[in-house]
Amino acid sequence: MITLAVDTSTDVRVGIARDGVVLASGSVENPRAHAEQLMPLVESTLASVGLALGDVDAIVAGVGPGPFTGLRVGVVTATTLGLVLRRPVKGVCSLDAVAAAWSDAPERFVAVSDARRREVYWAVYAGGVRVEGPFVTAPSEVPDLPLAGPGAELVRPTSGPTILDAGVFAATASEMPDAGLEPLYLRRPDAELPTAKKTTIPQPRVSIRKRP
Amino acid sequence: MTGPLILGIESSCDETGVGIVRGRELLANEVASSVDQHARWGGVVPEVASRAHLQAMVPALERALAKADVDLTEIDAIAVTAGPGLMGALVIGLASAKALAASLNKPLYGVNHLVGHVAVDILEHGPLDMPCGALLVSGGHTNLLKVDDLTSSITEVGTTIDDAAGEAYDKVARLLGLGYPGGPIVDKAAASGDPKAIAFPRGLTARHDLAKHRFDFSFSGLKTAVARWVETARLEGREVPIDDVCASFQEAVADVLTAKAVDMCDHYGLKQFVIGGGVAANSRLRTLLEERLAARGVALRRPRPGLCTDNGAMIAILGSEVVTAGLPPSASDIGADSGMPISKVLA
Ligand SMILES: [Zn+2]
């Protein structure tokens with residue numbers, strides 16, 4: 001069984017596995033090019049091991065936490081592929097994928113990613129299973145445990161893996177808990193509102209965009 | 001010859017649209033709107049719109065395919081809005097379109113949303129006679145366009161220098177406490193008001209403005225004038241005649257839009273004129289434009305309201321015209337362009 005994994009919680013990552021064995025792991029290390037690069041990377045990563053989209057049996061997508069725009073690109077890509085290929089699509093917490101890549105992990109540790117605005121996303125793992133989180137907090141609130149993940153260095157020096165290996169993700173995804181196909185936003189949409197413009201008319205203190 | 005079977009995806013603002021056309025025949029037009037979720041803010045909140053697009057995209061695709069009664073494998077090409085629009089919203093449609101194109105092994109065409117608003121009337125009233133004029137009016141656009149060739153030569157003759165026309169409607173509706181979106185609400189209230197009750201200003205129509213902004217619009221001064229008028233009335237303890245304010249405001253908007261559209265047709269000798277965008281559904285604008293254009297022998301074309309607002313069919317028909325014209329598909333690594341210029345029909 002061929003599993004295709006996509007994760008856009010950091011930059012652009014694509015992994016392929018066959019029956020739990022990693023076949024390929026690809027990345028485009030650009031955190032702002034998800035819409036441009038994800039689909040080309042899926043095709044080139046598959047092609048690198050002599051496969052095509054039609055060979056894929058199952059699709060998994062990292063649903064974050066992470067920057068929202070990138071996450072949505074990953075999820076809609078996965079769900080659209082699932083629609084066309086008529087294959088199941090599963091959403092997985094991206095921090096679980098980070099944690100799975102730590103081969104000699106300590107009994108308890110924390111996986112961390114960058115939430116920007118001086119905050120981090122994190123979750124606690126014990127015996128390889130997520131037991132707390134994910135949360136979004138200041139780095140100072142992360143428990144004093146060994147760290148892994150792309151945001152770990154924002155908390156303190158780390159001994160675990162700092163990147164999400166999408167090949168490992170694809171190989172281990174079937175054992176990971178189903179997180180659904182809605183990105184793990186952790187923040188309300190109005191927390192993302194830009195600041196208001198000055199106008200002569202009294203209006204709510206939020207900025208809005210033009211309606212078509 | 002029935003023409004290519006094209007699936008079009010639109011997600012530039014708060015409407016998730018999937019349309020399917022065969023040549024110039026409309027087979028499906030499924031739209032999911034997040035407008036209700038924006039009402040409490042009085043305008044589109046980008047993050048709210050983007051979350052809604054993600055939830056709506058695949059269900060809209062499924063509904064459109066069922067409605068058109070076609071199988072995905074029959075589709076000849078995928079068209080998608082590449083811009084202009086909200087970046088976080090555009091990328092959802094674009095990513096979905098890329099996944100469709102790659103998995104179906106069919107070409108992808110990233111097209112200009114504004115040109116889609118012009119093209120959509122082909123589905124209702126047949127091919128356009130070029131050159132023609134176009135007025136796009138909505139909460140996001142106020143553009144006067146000259147269309148010499150739908151797929152390769154479009155010029156922006158005028159645009160707003162501040163607010164979009166629909167934005168002015170939203171703001172006036174808000175200051176009168178009428179709700180959101182403003183267009184239909186103000187139009188309804190205006191129906192029982194006197195359009196001559198209050199003389200609101202017509203932006204950029206004074207002689208000194210015409211020299212530099214003959215075909216441009218400004219609605220910010222009008223919005224402020226309405227706000228001041230209402231404020232003064234309230235301060236003086238007078239009851240605000242909502243219907244008259246709406247009718248007089250709407251008259252000012254329709255008058256200036258129409259006057260400049262007519263001037264443009266005269267200037268370029270145009271004989272056909274298309275309107276599109278949400279405000280194109282406005283009753284007064286349509287009546288006034290029809291009257292004034294007819295007096296000059298210019299035919300007005302307006303698609304039905306459901307095709308005026310953002311939808312996938314307008315992207316599909318533009319894709320169909322682009323494919324038929326033999327233009328090359330977009331590269332697989334194209335991005336969304338939130339400020340895509342009207343001079344670019346294809347990304
Ligand atoms: Zn539009």
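The values are calculated or read from the model by the stated rules, or taken from the named source; none is laboratory data. Fair warning: this is a prediction, and the values are worked out from it, not measured in the lab. Every residue, glycine as well, gets a Cβ built from its backbone with ideal geometry; the counts of neighbours run over all protein chains shown.
Things to note:
- Number of residues in segment B:1-53 that are in a helix (DSSP H, G or I), within 16 Å of the ligand (Cβ to nearest atom) and more than 23 Å from B:G166 (Cα to Cα) equals 0.
- Failed item in (1) away from chain A (no Cβ under 12 Å); (2) farther than 16 Å from B:P181 by Cβ; (3) among the acidic types (D, E), with B:D71 passing the rest: (1)
- Any hit, segment B:64-85, residues being at pLDDT below 95, within 16 Å of the ligand (Cβ to nearest atom), within 22 Å of the chain's Cα centre (by Cα) and outside any helix (DSSP H, G or I): no
Quick grid of which residues meet (1) away from chain B (no Cβ under 14 Å); (2) touching a residue at least 12 places away in the same chain (Cβ under 8 Å); (3) out of contact with any Gly (no Cβ under 9 Å at 6 or more places or on another chain); (4) not in a strand (DSSP E or B):
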{"residue": "A:V136", "(1), (2), (3), (4)": "yes, yes, yes, no"}
{"residue": "A:E153", "(1), (2), (3), (4)": "yes, no, yes, yes"}
{"residue": "A:I163", "(1), (2), (3), (4)": "yes, yes, no, yes"}
{"residue": "A:F169", "(1), (2), (3), (4)": "yes, yes, no, yes"}
{"residue": "A:P177", "(1), (2), (3), (4)": "yes, yes, yes, yes"}
{"residue": "A:G180", "(1), (2), (3), (4)": "no, yes, no, yes"}
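- Set B:A233, B:A225: member being away from the ligand (no atom under 16 Å from the Cβ), away from chain A (no Cβ under 14 Å) and either in contact with a His (Cβ under 9 Å, 6 or more places away or on another chain) or in a helix (DSSP H, G or I) (or both): B:A233
- The residues of segment B:28-40 that are touching an Asp or Glu at 6+ places or on another chain (Cβ under 8 Å) and not polar (S, T, N, Q), listed by number, are B:V31, B:A32, B:V35, B:H38.
- Filtering segment B:86-114 to residues that are in a loop (DSSP other than H, G, I, E, B) and more than 13 Å from chain A (Cβ to nearest Cβ) leaves only B:P107.
- Tallying residues that are more than 12 Å from B:A313 (Cα to Cα), buried (at least 23 other Cβ atoms within 10 Å of the Cβ) and of a type in the set (G, A, S) within segment B:12-32 yields 1.
- Options B:G139, B:G133: the member that is assigned by the TED database to the domain that holds B:G278 and at pLDDT below 95: B:G139
- Unmet requirement for B:I20, which otherwise passes all of (1) more than 8 Å from chain A (Cβ to nearest Cβ); (2) under 16 Å from the mean Cα position of the chain (by Cα): (2)
- Checking B:V279 against (1) more than 15 Å from the ligand (Cβ to nearest atom); (2) buried (at least 21 other Cβ atoms within 10 Å of the Cβ), the condition it does not meet: (1)
- The single condition among (1) touching a residue at least 60 places away in the same chain (Cβ under 8 Å); (2) more than 21 Å from the chain's Cα centre (by Cα) that B:M264 does not meet is (2).
- All conditions in (1) buried (at least 20 other Cβ atoms within 10 Å of the Cβ); (2) facing chain A (nearest Cβ under 9 Å) hold for B:Q55, with the sole exception of (1).
- In segment A:66-114, the residues that are β-branched (V, I, T), touching a residue at least 60 places away in the same chain (Cβ under 8 Å) and within 14 Å of chain B (Cβ to nearest Cβ): A:V73, A:V75, A:T77, A:T79, A:V89
- Subset of segment B:115-166 [within 11 Å of chain A (Cβ to nearest Cβ) and within 13 Å of the ligand (Cβ to nearest atom)]: B:G116, B:H117, B:L136, B:V137, B:S138, B:G139, B:G140, B:H141, B:T142, B:A164, B:A165, B:G166
- Hey, B:L135 surrounded by 15 or more Cβ atoms within 10 Å (Cβ to Cβ) and more than 30 Å from B:A82 (Cα to Cα) or not: no
- Segment B:286-323, subset within 15 Å of the chain's Cα centre (by Cα) and away from the ligand (no atom under 16 Å from the Cβ), residue surrounded by the fewest Cβ atoms within 10 Å (Cβ to Cβ): B:R286
- Filtered residues of segment A:12-63 (kept if at pLDDT below 95 and away from every other protein chain (no Cβ under 12 Å)): A:E29, A:P31
- Some residue of segment B:205-216 being buried (at least 24 other Cβ atoms within 10 Å of the Cβ) and in contact (Cβ under 8 Å) with a residue 40 or more places away in the chain: no
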